[in-house]
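Visitor: To start, I am sharing the structure in question, which I have written as structure tokens.
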Amino acid sequence: MKGKIRVCTLDDLDKLQEISIGTFSDTFAVQNDPTDLEEYLVSAYAIEKLKQELGNSDSHFSFIYLADELAGYLKLNTGAAQTEQIAMNGLEVERIYIRKEFKRCGLGRQLIDFAINHARKDNRELIWLGVWEKNEQALSFYQTFGFKEIGKHTFYVGRDQQTDLILAKELIC
């Protein structure tokens with residue numbers, strides 16, 4: 001079954017916060033200290049921070065629905081909104097978050113295809129993302145799309161310093 005993708009707006013701020021906290025917690029709570037996780041969730045998904053991100057013209061948020069239920073979302077960054085300057089003409093996939101009850105429904109695949117198509121339409125030369133080095137499932141998923149490791153960067157969950165692998169895919173338009 002194919003999901004329906006639509007743009008996320010400021011009117012969706014509460015839904016965005018709820019799904020961000022829920023999906024991040026479901027995915028990473030087991031592997032992280034509860035205090036560090038809570039500190040991260042409070043700062044990363046604060047309403048004001050999400051409002052600022054939604055208002056940034058270099059960021060693009062899309063919700064994905066399955067059977068009229070909010071199942072996940074995608075956040076893309078270009079220009080100064082990118083968390084690293086990997087390529088002048090690059091597009092960053094900062095988040096693909098899918099609710100646990102909708103995993104294995106093909107929505108992640110649909111969102112990464114959407115991101116790649118978005119990058120191609122925008123004439124981007126590269127699409128890239130960061131993945132926690134311990135998230136083997138996500139690493140395997142992105143490798144099936146031709147993403148390859150090109151570097152690393154530090155990512156903090158609370159005070160816990162973690163390593164994200166930077167994966168990239170060159171786009172031939």
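The values are calculated or read from the model by the stated rules, or taken from the named source; none is laboratory data. Predicted model, so just to flag it, every value in this text is computed and none were measured. As a convention, Cβ positions derive from the backbone with ideal geometry for all residues, glycine included, and neighbour counts pool all protein chains shown. Keep in mind that these areas ignore ligands, DNA and RNA; they rest on the heavy atoms of the full protein, side chains included. Shrake-Rupley method; radii C 1.70, N 1.55, O 1.52, S 1.80 Å.
Visitor: Which of the residues belonging to region 129-173 are among the β-branched types (Val, Ile, Thr) and either surrounded by fewer than 19 Cβ atoms within 10 Å (Cβ to Cβ) or touching a helix residue (DSSP H, G or I) at 6+ places or on another chain (Cβ under 9 Å) (or both)?
Guide: Once the filter is applied, which keeps residues that are among the β-branched types (Val, Ile, Thr) and either surrounded by fewer than 19 Cβ atoms within 10 Å (Cβ to Cβ) or touching a helix residue (DSSP H, G or I) at 6+ places or on another chain (Cβ under 9 Å) (or both), region 129-173 yields 131, 144, 150, 154, 157, 163, 172.
Visitor: Taking into account only those residues within region 69-94 that are part of a loop (DSSP other than H, G, I, E, B), touching a residue at least 40 places away in the same chain (Cβ under 8 Å) and not hydroxyl-bearing (Ser, Thr, Tyr), which is surrounded by the fewest Cβ atoms within 10 Å (Cβ to Cβ)?
Guide: For region 69-94, the residue satisfying everything is 84.
Visitor: Further question: I'd like to verify a number: residues in region 30-64 that are assigned to a strand (DSSP E or B) and open to solvent by 60 Å² or more (accessible area, probe 1.4 Å), how many?
Guide: Residues that pass the stated criteria total 0.
Visitor: Filter region 135-162 down to the residues that are assigned to a helix (DSSP H, G or I) and closer than 18 Å to residue 26 by Cβ and list them by number.
Guide: The answer is 136, 137, 138, 141.
Visitor: Using the structure shown, decide if residue 21 is of a type in the set (A, V, I, L, M), open to solvent by 20 Å² or more (accessible area, probe 1.4 Å) and within 16 Å of the chain's Cα centre (by Cα).
Guide: yes
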